[in-house]
Structures are given as C-alpha cells and as structure tokens.
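Here's the structure we're looking at; comments come further down.
The values are calculated or read from the model by the stated rules, or taken from the named source; none is laboratory data. Computed from a predicted structure; not experimentally measured. Cβ atoms come from the backbone with ideal geometry, glycine included; neighbour counts cover every protein chain shown.
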Amino acid sequence: MTFQLIETHSLEDIQSQGQLYLHPETGAQVLWLKNDDTNRAFTISFNTPPYSDNGITHIIEHSVLNGSKKYPTKEPFVELLKGSLNTFVNAMTFSDKTIYPVASTNQKDFSNLMGVYLDAVFQPNFYDNDLILAQEGWHYHLEKAEDDLIYKGVVFNEMKGATASPEQQLYNHMMRMLYPDTFYQYESGGLPSAITDLTQAEFIDYHRKHYHPSNSLTIIYGDLDIDQALAQLGEYFDGKGKGQVVDLQIPIQKPAVRDLKDSYSLAQGDDPTNKDYLALVWHTGLTTNSLEGTALEVINKLLMGHNEAPLKKALLEADIAADVWGEVNDFGYPTGYAIVAKHTDAEKQAQFKQIVFDSLQEVLVQGLDKDQIEAALNRLTFVLKEEAISESSPRGVIAGMKVLSSWQYQGNPYQNLEFTPILDELRTKAANGYLEDLIREKLVNNDYLAQITLVAEPGKSDKHEEKVLADLQAYKAQLDSDQVQAMVDKTQALIERQEASDTPEDLATIPMLTRQDLKADLDLEAVKVSAFGIKGKAYNADLFTSGIDYLQLFIDISDLPNSAYPHLGLLAALMGRIPTQSHSETDLQTLMDLHTGGLAAGINIYEVPGQEPKTYFVIKGKALEASLDQMVDLMKEIFLESQWTAQKDILQRIQAMISSFQNRINYGANALVMNRALAQYKASMFLNEQVSGIDFYNFLKASRDALKADQGESLTSELQALADQLANPDRLSLFYVGQADRLDTIKAKVATSFKDLASQAMGPAVTHPTGQVQNEAFVTAQDVNYVGLSTPALADLTYAGKVYVLGTILRLDYLWNNVRVKGGAYGAGFRHVRTGNIEFASYRDPNIDKTLATYLNTPAYIDNLALTDQDLLKYIIGTLSSMDQPLSAYDKGVKALSLYLTGQGVDSLKTYKEEVLAVQEADLKGLADSFRQALASYSKVVIGNKTQIQAEADQFDQIYDLF
C-alpha cells in the first residue's frame, strides 16, 4: 500500500472514527471519517491563494471540469450530472482554497465519481486547449469583423452578477482593509475588470504549481472500501515526488484603524437617499481557535440576534439604518467580526461608531444575562446535534469542509467535528466572565479595526459598462485587419467547439452504472391520519427522530380571500419576532432558545388539480421530547398573545424583511422570475406570490412607508383581526414527525393548550384567481439578467416519467449548451409542474432576447433528439438521482404529508420512477408537439439590467423599478 495509517481518533459527536493516512512520497495526507453512513463522500482540497483579482483560482475550478486525459469529453462534470446517482457533485472556490466534493449512496457510482474528479484536477485538458479558458473565463467575442467587440465568459458574467451586490462589495472591502499586504486583499472569484487580464500562460503555470498531491488534503467519508479509495488516490499520487506546499498561515499585520469610502450602483434614476451602507469590522483571531470562534457566534447572537438585543436595539432606536446586523466572518485563516448598517446616510458613520462602542461598554458594565447565555448555548447545541443526524444534506461534504477550516492551516483536523467538548468548555468559562472578556479584548480594546462607507450612486454600473464597451471599440479600431480576423477566427473556433458533439469514443470513457444498478424502490412511508379536535385531523409521520419532536399546527385558511394573504404572510413572519402579552422579545427569544430548536410560522399551499388550493397558516416547532410542554406553550403564546399593535417592533421587523428580500434579488432572482411567471396561470402560485414573491415585497414596502408616516393603524388592525379569526378550534389540525407511540401525548398536550378557544363558524372556501397574464420586467442595478418564462397548463405535460426524463435532458444538454456555454450565463433551469405548466429561468445571464429565443426553440430541439441506448440510460440515471436524494426523518415526513394533501400518495413516486425506467426515445420525441402547443402562449418575467431591459422594451407590457 502506498499510504500509511498514522493515527486513529474517535469522534463521538458524529459517530465516526477518524483514520489519518500519509502518502510518504508526496507528504499528502488523507483523512477517512469511518462510519456506517452509506451516503459516501470524497473531497480533495488544494491551497490556492490568489495573487490578483483576475479570478484565476475560480476559473481553474471551472476549467478542470472541462475534459481531462482519461475523460476527454468537453464537460465530464455535466456527463456526471446526466448519468450518475450522485447526491452531491460540485466544486467551490474560497478565499484561499479550492475544493472538489462528490457524494453518492451507490458504492460503484461513488468510485466512478471519485475517479473522474481525480483525473480532472490532476490531468486537465486546458494545458493544450486555450478555448477552455476562453469559454469558462473570458475572451474577446467577435463573430463577424463588423460586429462590436465584447467580452464573454461564464465566470466573467457570474462575477458581474456577484460583485454587483453591495453586501459582496462590503465583504471584499473588509478583507482588503484588514489584510492589505496579504492575498486576502484579492477577490478570489475574480473582478470582471481584472479577469480580462488573465493569460493562458499564467493559467497553466498556476495549476502546475498548486495542483500537486503535496499541496492537497483529502477527506473520505462513510461506509466504503478504503483500500479501493486509497488505490484510486495512489494512481495520481504515486511517482509525483515532493511538490511545493503553499503556506496559508499569513503574518498578522500591525493593528490600525483604517477608513474606506467607496460607492455601489443603483439603477439610473433611483433615489439614493438613505441607501448607503456603513460597517465596522475587526480582526478577531484565527480559524484554528474553535473555542474563540464559537464564543464569538454566541456573542453575536447575544448582541445582535434580535431587535431587543442590546447593540442592535441601540442602533435601531437611534434610527441609524433600516436594517443592522452582526456577522462572524471566516475569511480563511483569519477571522473577523463585523457590524453592518444597511440603508442609512454616510454622514452617520461617526454616530454609528459611537453608538457601537458606547453600547459595548454598557454591556461590559452590566454584564451579559446568564439565562440568555445558557439559552444561546442550548440553541447552538441543538443545531449542531440535529445537523449531525440529518440526512438531507450530504453529511460527508459538510464534515469535510469543517475539517478543512482548521486542517488547511496546519491545525487539528478533528476540532470542528468535536463540538461537545468545545460547548462544555464554553459553558464553564462563560460562567466566569469569558464572553465579557472576549468583548473587551476582541472589540472594545481592539484597534485592529476597519471602517467602511459604501455610498449609493445611481447609474454607476451603466456608466462603467458604457466605458468598457467604448474602450473595447477603441481597442478594436487600433487593430489591423489581420488582428481583427484572428479574433473572429478564435470566436468561431470556440463556437464550433461549443456546438460540436462529443464523439462516441470520448463519451464511452465516462464510467456509468448499468440498468441492473437501478431500482424503483421507495424509502418513504405514508402519513397516518386520525381525528383531532372539533373538525381537525392529526397527521403522523411515524419515524425515528433521535428524541426530537417535530410539531406543526395547521390552521385552515381556505375561507380567506386573496386580499388577506399579504397580511397573513406578514403575520407569519412576525410570530415569535415581536413581544407578546407575557414576554418581551428578549425574554421570548430566551425561552424559545432554552426549550426548543426554534419556532416559526408560514403559509403552506397545496395544489390538487381540478380543485381549489388547500391553504394553511402553519406554526412550526421542534424540541427534545422532554421539552414538549414548553414548546407547545410557546407555540400557543406566539399564536394567541403576540402584540399586533406594537408598531415600532413591526416596523423594525418589516425593514429587516425588505433587506432580506433584496438579498434574494441579488442571489436568487431566477426563482423569483420563474414563480412570478407561473403565478399568471396558477392560483396556487399567485397565492405564493402574495406571501413570498414580488407582490409581497411591494406590500412590505408600502407597509413600511405607512408605519414610518405614523399611518400604520390600518395595518395593525388588520393583523389583529386576522389573528383573532385564526384563533378558532374549528380550523386546527396538527402534523407530528416522530414515533407513533408519542402521538397520543402530542394530541393531548395540544388539545389541552387550546381548549379555551371559542368555536366560530368558518366561511365557505374561496375561489382563488390567477395573476394577470402579461410580460413584465423589473429593473435593478445589476449588469446581468434573470430571464423567466412560463406557459399555461397542458394535460400532455402533467407528471409522468417521460416528462421527468426530458426535463433532465433540457437542463443538462439543451439549456446548458445554449444558455450557459454559448450564451455565457452562469446557469439555466427548466421545471414542469403537476398541472402541466412548464417553466424556464436563467441565472446571471448577459442576454435577454437570445435566451427567450432558446426557450421558444425547445420543440425543434426535441424534434431532433437522437439518442443512443447509452445516452438514454444516462439520462434515466440522472433523472432517478434527482428523484431519490437522501432525506432526514423530518423532511421525509414533510414530503409524505405533501403527497397526501395533494392527492398523490407516496405510491405515486414509485409509479413515476417505474415510468422513468421504462422511457424510450419515441416517448421523448413525442412530446415535441406538446411543447410546441404549450409555448404557443406564454408569459415572460425578467429581472435585470435597466439598459438592456429598456433596449428590449417592446417585449414587455410593464416595466417596474424593483428597488
């Protein structure tokens, strides 16, 4: 064996044994987290500090997955997505490292994934093909000599979207200000202005130096054949000799207060008043000190965790900003703590800083509340223990990242997997003033501090984009005809590569499962239904939950009109976040953290074809079995005693919700456009739009304005009236995830708690409308777009195996190649829903019209499908993978309940899987006319760049400003 076992270590918190192996020749180390988890995971990491803002580490991360020596297809990564039973396949660039994780519950599939990834990182094809850098990074794009010259590239456009976010700009400034003489000053993802400086020679040289076994760390996780896994690693480690190990332990700089003032872009014409950002950020330590890092998380919760927390309260009462928050930042090796004020006036920087330091001094004088400390620690313990048993996320990938956060810096690889000793030590020390001492040392007396002001500037991005385009045309004008033709030739060569199909020989190199490896088995049990209360039901998912009760109160709202839903959405968001008749917000939060793993409320909407949506106001909680009584009492309190007339508290919460939604626009607008387009055809999605979409966002802004103008009485009266209307035992049902022998106990406790509610006759069920069918665009300051399209329902496109498989093909072949690879967008998606509607959406997309044309050309693509048996099998495997992801007990219960309430039943999943396994090419091609019919009528919704939207204004019935 080329690897030597050098130590073993018991890891009780994650029920694993750590086995550390050394590869003597290269010095590379491999950690196996041995346990009985069949969701196996592999992660290889490389120390990859950037040397500029050119995004080299990020672009390499993309590019190694574009073909390798053993697997020479254009994109083995995509082939794995198409034809693997993976539970996780990705790659991630951090500030100082790049990681490549995969996971699968199938041992054969896991080995296949591991082999393809190892070849990708160590033997990529881009050494001999500069078109890979051109596609994934950047290139001069010139299809014809007379065209305008532009930049294109997947990462280039991804980062145009990412760096448009003011929060991302703040984060980058924090690292630049705190660590200006280190590689942490650079944006590892790349700044668009610097990405275009990256050359092929730099690209190859960086990979050669940094992608060596000596500079790697590997984590293998789960129930697997370790000898086989090490043999796969040995194939790439043996014979490589000693390489350079890149040291990430930077020297910490001398403390100094640093000030920076910069600007971020609003859309042209937007009002910049009170839209600035302020931030204070301290260097606080190193990631290798887990005790300090955990303590700072607790401190942040105590100081800034809710609106009555002392520091947050002081800032809000001084009206410093619409929203304020604290964040513990893991920058890499160093860590920081930041306090951020969003939507404020730059002139308040001095006042902001003064309030922060005065409040911290006051905390030190008064001391932290012991009950609040214990509550925060209890909540953190619950979160960590629940995470350790949850199967919904690939535990091996998460564990790998936790290991690397210390191991990468020559720290103890196990420290972040052993949370119980850290929490025990923290409890002991906190009782003796440790947290106050940290506040004093890390914040109050720490002059290693940066102050950042980010001023809103309307039209900044448009002016920058105009200059970039003008500079490109000026550059082109300086070129002679041969140089221009060379650009055209390279552009055409790239297009030819993008349009070319992989050869059968190349595709055959990608390892695949066989039909014999596939099963239609179902790991999901139906919910059990019994009577509860007056007219309600008790739904039980009988599952082992490691002693945790998951309880939801379902309140029927089927008789409430559409106009009530924005208020219902706000009502849900406020529950547990404002004072009650019995407790202040602080005391309420303390009790919830002491006794539960969290309480929340929301609106659940279930669709049954041919019927009105089933709608519920849902109050959710989770707690250890011993804390059931306290949890139900708290659920009752936030339901029946919340102070709906507390206008100041409601305003503060609404402003934070608006801030959170604006982050969704920056990072998840693809889902927003997809859902809004579908809302024009589906009543259930129109309701969803009222409680969580753009309509709800507009309602929040109007409510904020009314409250700020002292005109909030109508709002609070409506909230109180709705809360009173919901407090009706005739409406009440419950849903419990946990073992059935506790159900009677659960039902008895809930019945006792709500026995005094007065029964009221409910009205008839309401018929809900759909949204108005129209083409809409929403303007932002981003330089990229999110392009959505949806169609009316069509019976031929309801849930069926053939539509599932076609969806996989569209996502991973047609849209991937046309919207991402050729179009330059970061991503594109397709979804079909049970009623037969189809949806498309793109993400960080430089185009609008071209992307819409791609969506509309889908039927022609289906007409021309020509799949080999192997191609078809690959897509069947990929479809089954997406249908069969591991789930935690709680998530299994939620899924089973949804299937019951939508009239499908869990057996429908087995039917769909059997249909997927039986799909033939003719079934897929037969859907072309259905898609053609569906796409004959559609609505489109775009969120994006103002200039581009205005240039295509004739495509839209309405254009709105979003901010």
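For the reader, a short list of remarks on this structure follows.
- Taking helices (runs of 4 or more DSSP H) as the structural unit, those lying wholly within segment 882-963 and holding at least 3 residues that are in contact with a Pro (Cβ under 6 Å, 6 or more places away or on another chain) and not assigned by TED's automatic domain parsing to the domain that holds residue 89 correspond to 928-934.
- Considering 116, 155, the condition of being assigned to a helix (DSSP H, G or I), modelled with pLDDT of 95 or more and either closer than 30 Å to residue 260 by Cβ or touching a His at 6+ places or on another chain (Cβ under 9 Å) (or both) is satisfied by 155 alone.
- Single residue of 80, 85, 65 found to be out of contact with any His (no Cβ under 6 Å at 6 or more places or on another chain), without any contact (Cβ under 8 Å) to a residue 60 or more places away in the chain, farther than 19 Å from residue 409 by Cβ and surrounded by 22 or more Cβ atoms within 10 Å (Cβ to Cβ): 65
- Matching entry among 412, 445, 432 (being polar (S, T, N, Q) and under 30 Å from residue 18 (Cβ atoms)): 412
- The listed residues are 451, 415, 351, 372, and the only one of them that is polar (S, T, N, Q), over 27 Å from the mean Cα position of the chain (by Cα) and either in the same structural domain as residue 110 (by TED's automatic domain parsing) or under 30 Å from residue 548 (Cβ atoms) (or both) turns out to be 372.
- Among (1) without any contact (Cβ under 8 Å) to a residue 24 or more places away in the chain; (2) crowded, with 20+ Cβ neighbours inside 10 Å; (3) out of contact with any Leu (no Cβ under 8 Å at 6 or more places or on another chain); (4) not β-branched (Val, Ile, Thr) - the single one residue 693 does not satisfy: (3)
- Residue 860 surrounded by fewer than 22 Cβ atoms within 10 Å (Cβ to Cβ) and either under 28 Å from residue 954 (Cα atoms) or touching a His at 6+ places or on another chain (Cβ under 9 Å) (or both): yes
- Of all residues in segment 40-66, those satisfying the criterion of being in contact with a strand residue (DSSP E or B) (Cβ under 7 Å, 6 or more places away or on another chain) and part of a loop (DSSP other than H, G, I, E, B) are 48, 64.
- Look at (1) surrounded by 24 or more Cβ atoms within 10 Å (Cβ to Cβ); (2) more than 30 Å from the chain's Cα centre (by Cα) and you find that residue 587 fails only one, number (1).
- Just one of the listed residues (538, 500, 531, 520) is touching a residue at least 40 places away in the same chain (Cβ under 8 Å) and touching a strand residue (DSSP E or B) at 6+ places or on another chain (Cβ under 8 Å), namely 538.
- Between 709, 683, 727, the distinction of being over 33 Å from the mean Cα position of the chain (by Cα), in the same structural domain as residue 571 (by TED's automatic domain parsing), small (Gly, Ala, Ser) and more than 23 Å from residue 652 (Cβ to Cβ) belongs to 727 only.
- Residue 416, sole failed condition from (1) in a helix (DSSP H, G or I); (2) in contact with a strand residue (DSSP E or B) (Cβ under 8 Å, 6 or more places away or on another chain); (3) buried (at least 18 other Cβ atoms within 10 Å of the Cβ): (2)
- Candidate set from segment 340-383 (those that are in a helix (DSSP H, G or I), touching a helix residue (DSSP H, G or I) at 6+ places or on another chain (Cβ under 9 Å) and of a type in the set (Val, Ile, Thr)); member that is surrounded by the fewest Cβ atoms within 10 Å (Cβ to Cβ): 381
- Within the set 466, 525, 499, the sole residue that is in contact with a helix residue (DSSP H, G or I) (Cβ under 7 Å, 6 or more places away or on another chain) and surrounded by fewer than 18 Cβ atoms within 10 Å (Cβ to Cβ) turns out to be 525.
- Qualifying residue in segment 881-891 (condition: under 23 Å from residue 794 (Cα atoms), among the aliphatic types (A, V, I, L, M) and at pLDDT below 95): yes
- Between 750, 737, 773, 766, the distinction of being β-branched (Val, Ile, Thr) and closer than 30 Å to residue 852 by Cα belongs to 773 only.
- Qualifying residues in segment 528-548 (those that are of a type in the set (Ser, Thr, Tyr) and buried (at least 18 other Cβ atoms within 10 Å of the Cβ)) - the one nearest to residue 892 (Cα to Cα): 545
- Members of segment 184-214 found to be surrounded by fewer than 21 Cβ atoms within 10 Å (Cβ to Cβ) and either more than 29 Å from the chain's Cα centre (by Cα) or not assigned by TED's automatic domain parsing to the domain that holds residue 33 (or both), listed by number: 197, 199, 200, 201, 202, 204, 205, 206, 208, 209, 214
- When we screen 777, 765, 758 for residues that are in contact with a Phe, Trp or Tyr (Cβ under 7 Å, 6 or more places away or on another chain) and in contact (Cβ under 8 Å) with a residue 24 or more places away in the chain, the only hit is 777.
- Every pair of residues 6+ apart whose Cβ atoms lie under 8 Å, when the first sits in segment 591-618 and is basic (Lys, Arg) while the second is in a strand (DSSP E or B): 614/605; 614/606
- Some residue of segment 892-900 being over 26 Å from the mean Cα position of the chain (by Cα), crowded, with 17+ Cβ neighbours inside 10 Å and not aliphatic (A, V, I, L, M): yes
- Flag if residue 798 is crowded, with 23+ Cβ neighbours inside 10 Å and either without any contact (Cβ under 8 Å) to a residue 24 or more places away in the chain or closer than 30 Å to residue 879 by Cα (or both): no
- Positions within segment 117-176 being of a type in the set (Asp, Glu) and either within 30 Å of the chain's Cα centre (by Cα) or farther than 20 Å from residue 475 by Cβ (or both), in sequence order: 119, 128, 136, 158, 167
- Test for residue 278: is it touching a residue at least 24 places away in the same chain (Cβ under 8 Å), buried (at least 20 other Cβ atoms within 10 Å of the Cβ) and either under 30 Å from residue 126 (Cα atoms) or hydroxyl-bearing (Ser, Thr, Tyr) (or both): no
- Within segment 837-855, the set of residues being without any contact (Cβ under 8 Å) to a residue 60 or more places away in the chain and crowded, with 21+ Cβ neighbours inside 10 Å comprises 854 only.
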